[in-house]
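Read the structure below first, then the notes.
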Amino acid sequence: MKLEHTIKFTFQMENDNGQLVVKGEIEGESEVPNYDDLKFQGIIALLNSIDQQNFSESGNHPLFKHYIDEIEETISEIIKHNQFQGKSECRDGL
């Protein structure tokens, strides 16, 4: 990776009450406007770090199913539209 072309993308998501739910940062190279390819790489890296077993062992398997359904719905909506910013309050950086 060429450090002189490295981009740092910061994002955050808030709930309906304006409280921070998650905040993060992705760093890497991008070849697409608005760093959308870098965002996909970050999403894939995070998804690859999730183990269904952790939800099952903690008694939270319904939460796993909830997030899988939300991810599938979001992907389906992204595919339908040329421009998509989602239903969440994830606006900082997106």
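Quick note: the coordinates plus some simple rules give every number you see, no bench work behind them. Treat the numbers as computed from the prediction; the structure is a model and nothing was measured. Glycine also receives a Cβ, built like all others from the backbone with ideal geometry; neighbour counts cover every protein chain displayed.
Of note:
- Dipole orientation for region 1-67: of the candidates 12, 43, 54, 54 has the Cα lying most toward the positive pole (charges on Cβ; Lys, Arg +1; Asp, Glu -1).
- Under the combined filter of DSSP loop state and at most 15 neighbouring Cβ atoms within 10 Å, region 12-89 retains these trypsin sites (Lys or Arg not before Pro): 87.
- Flagged links, alpha-carbon separation over 25 Å, of 8/80; 8/65; 23/65: 8/80; 8/65
- Hits among aspartates and glutamates - C-alpha to C-alpha of residue 39 under 16 Å, sequence gap 8 or more where chains match: 25, 27, 29, 31, 92
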